[in-house]
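Data first, discussion second: the structure below is written as structure tokens.
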Amino acid sequence: MVRKKITKGRVKKTFALLFLLGIVAVGLLWQQYQAFADKSLVLDSQERILSVESGDGFHDVLRKLRDLGVYQGNDLEWKALAKQMKVASHLQVGDYAITSGLSPRSILQRLEDGDIIQRKFALIDGWNIRDLRKALKNTAHIKHVTDELNDAELMAKLGADGVHPEGRFLPETYLYSRGTSDLDLLQRAYKGMQDALAEAWNNRQDGLPLTSPDELLTLASIVEKETGAAEERPMIAGVFIRRLNSGMRLQTDPTVIYGIGSAYDGNIRKKDLQTDTPYNTYTRDGLPPTPIAMPGKPALEAAAQPADGDAVFFVARGDGSGRHVFSKDLSDHNAAVRQYLKNTR
């Protein structure tokens, strides 16, 4: 009987010891796990890019982290952390920036939040459709689905079948992530211009010699190309409005240049001013048939709210400021032209 009691006592003590050791072991493992989860990466200054592709599983992400040299701990710890954070089941496609100081937990949090790298595409005021399409073609990290489309096919894809593409895209900086299509960027820029044009048209001055939003867009495109100093946009728009009201021709060089097209070599000659095209405002009355560039919001606003005044001529100062001399009669204008020629010799 004594032996049985001693044996039972030893078993209880052994079990208690093993239980205690188990608790200690679990505690140590938990501490190790927590240390892994929150240990900051020590990298050089160069940013690593983790690219999560469509169809990637969590094992693919771990492999890519190893390839990038930002892997620490072991697969079991990473998988446990991902399960705890509920990341592994819904990875978000995109590029993620991995930098020094991030921990496994913060890396997975970025994957959970879809905190992907946002890149920028700048559509510049005054670009024409050729400039825009060339810039898109040279933009990295987007899907190029419009390269083989002509302008008419492109506009049809945008739901604007039969609409001339010139001037139809709003100059802005557009954010995009890897895998965004060029068509998506164009759709946003097209919608942006529709909204901006509608706002400018609705807020236009009374009595403008413009019969439609498209005519406002065309005038704004000319103002955009003629403006060298931003504050002069309303003044330049005012000159063109007064010319339209009085029946004078616009006689603006940028429309002539647009009519020359890709043959333009950087110089505009007397014969160019005399050669009739639909865009030659020296030989034709009124506005050209389409915009000649993509005007920004300030140019749209200037065309809709031109400055008052009596000037019907303007010429560049030629002093590098981008500003112009505005005149109300031809003799003053000719004097300003002579001064311009003197300044540029």
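The values are calculated or read from the model by the stated rules, or taken from the named source; none is laboratory data. Please read these numbers as outputs of a predicted model, since none were measured by experiment. Reconstructed Cβ throughout: ideal geometry from the backbone, glycine too, with neighbour counts over all protein chains shown.
Filter segment 186-218 for residues that are assigned to a helix (DSSP H, G or I) and surrounded by fewer than 17 Cβ atoms within 10 Å (Cβ to Cβ) and give the result.
First, pick out the residues of segment 186-218 that are assigned to a helix (DSSP H, G or I): 186-202, 213-218.
Within segment 186-218, GLN187, LYS191, GLN194, ASP195, ALA198, GLU199, ASN202 qualify.
In segment 300-345, the residue that is farthest from ARG168 (Cα to Cα) out of those that are outside any helix (DSSP H, G or I) and among the charged types (D, E, K, R) is ARG345.
Mind counting the residues in segment 56-83 that are loosely packed, with under 13 Cβ neighbours inside 10 Å and modelled with pLDDT under 85? Number satisfying all stated conditions: 2.
Look through segment 10-55, keep the residues that are of a type in the set (D, E, K, R) and modelled with pLDDT of 65 or more, and return whichever of them is surrounded by the most Cβ atoms within 10 Å (Cβ to Cβ).
Of all residues in segment 10-55, those of a type in the set (D, E, K, R) come to 10, 12-13, 38-39, 44, 47-48, 53.
Within this subset, residues satisfying the condition of being modelled with pLDDT of 65 or more are 10, 38-39, 44, 47-48, 53.
Working: ARG10: 10, ASP38: 11, LYS39: 13, ASP44: 8, GLU47: 11, ARG48: 19, GLU53: 13.
Among them, the one singled out is ARG48.
Kindly establish whether ILE236 is crowded, with 22+ Cβ neighbours inside 10 Å and either touching an Asp or Glu at 6+ places or on another chain (Cβ under 6 Å) or farther than 21 Å from MET294 by Cβ (or both). Yes: the conditions hold for ILE236.
For residues in segment 247-279 being acidic (Asp, Glu) and assigned to a loop (DSSP other than H, G, I, E, B), which is surrounded by the most Cβ atoms within 10 Å (Cβ to Cβ)? Ranking the qualifying residues of segment 247-279, first place goes to ASP276.
Within segment 287-304, is there a residue that is more than 30 Å from GLN194 (Cβ to Cβ) and either in contact with a helix residue (DSSP H, G or I) (Cβ under 6 Å, 6 or more places away or on another chain) or buried (at least 19 other Cβ atoms within 10 Å of the Cβ) (or both)? No, there is no match, as no residue in segment 287-304 is more than 30 Å from GLN194 (Cβ to Cβ) and either in contact with a helix residue (DSSP H, G or I) (Cβ under 6 Å, 6 or more places away or on another chain) or buried (at least 19 other Cβ atoms within 10 Å of the Cβ) (or both).
Take GLY228 and tell me if it is more than 16 Å from PRO295 (Cα to Cα) and surrounded by fewer than 18 Cβ atoms within 10 Å (Cβ to Cβ).
On the way: more than 16 Å from PRO295 (Cα to Cα): no; surrounded by fewer than 18 Cβ atoms within 10 Å (Cβ to Cβ): yes.
When the stated conditions are applied, GLY228 does not pass them.
Cβ separations smaller than 7 Å between residues 6+ apart or across chains give the following pairs from segment 105-123 residues that are under 20 Å from VAL87 (Cβ atoms) to residues that are of a type in the set (Asp, Glu): ARG105/ASP38; ILE116/ASP95; ILE117/ASP95. Can you name the number of the only condition in (1) farther than 22 Å from GLN46 by Cβ; (2) polar (S, T, N, Q); (3) touching a Leu at 6+ places or on another chain (Cβ under 8 Å) that GLN118 fails? Every listed condition holds for GLN118 apart from (1).
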